[in-house]
Amino acid sequence: MSANEFWTNSDGLNVRFGLEKGGVAKEGVISTMGDESVLQVKIVGTDLGSADAPIATHPLAGIPTGAHLISATLYVTEAFTSGGSGTLTLGLWNDDGDGTFSVIDADGIDATIAKTALDAIGDHVACDGALVGTGTAAIAGTGDRPVFVSGYYATAAFTAGKADLIIKYRI
């Protein structure tokens, strides 16, 4: 095996050798303790459109159907800018199982977060959408397929900005 090759172990993980580095994941479950899990989704302002759409649809970046969202916090890692007073809205979409997705709640995580709340590194927003912190309301997806975080801008497109959305949920 040469210095820059890799092999896949029995867990399905790539083991790398030499100078090759693994890629950084954009999203995924970063912690699980008992029945509580923490999902991290990276939000990139310039990747958002003016229409609501899933941010990431990899199965490891989803929230299980039937989960209860305990909390959601957005942490700014690069200041958001726009040509106007852009806003950010975050919600959830369902995997329909046929390669398409449908809206569960377009602003269920948070609605119209103002650019002024996102314009400095270290800013953070405690999300308060209808699906966050409801206790008894479970996320209603379809079958056993996960649901995914969605987002869009309104008023003006973001020209820069990155944030980590940290969602704590219970199954």
All positions within region 110-147 that are of a type in the set (Ser, Thr, Tyr) and closer than 25 Å to residue 77 by Cα = 112, 116
For region 69-84, name all the residues that are open to solvent by 50 Å² or more (accessible area, probe 1.4 Å) and over 11 Å from residue 118 (Cα atoms).
-> 70, 83
Which one of these does residue 7 not meet: (1) modelled with pLDDT under 65; (2) assigned to a loop (DSSP other than H, G, I, E, B); (3) farther than 20 Å from residue 164 by Cα?
-> (2)
Residues of region 83-111 classified as modelled with pLDDT under 95 and of a type in the set (S, T, N, Q), total = 4
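The values are calculated or read from the model by the stated rules, or taken from the named source; none is laboratory data. What you see is a predicted model, and the numbers here were worked out from it, not measured in a lab. Note: accessible area is taken over every heavy atom of the protein model, side chains too, but ligands, DNA and RNA are not part of it. Shrake-Rupley method; radii C 1.70, N 1.55, O 1.52, S 1.80 Å.
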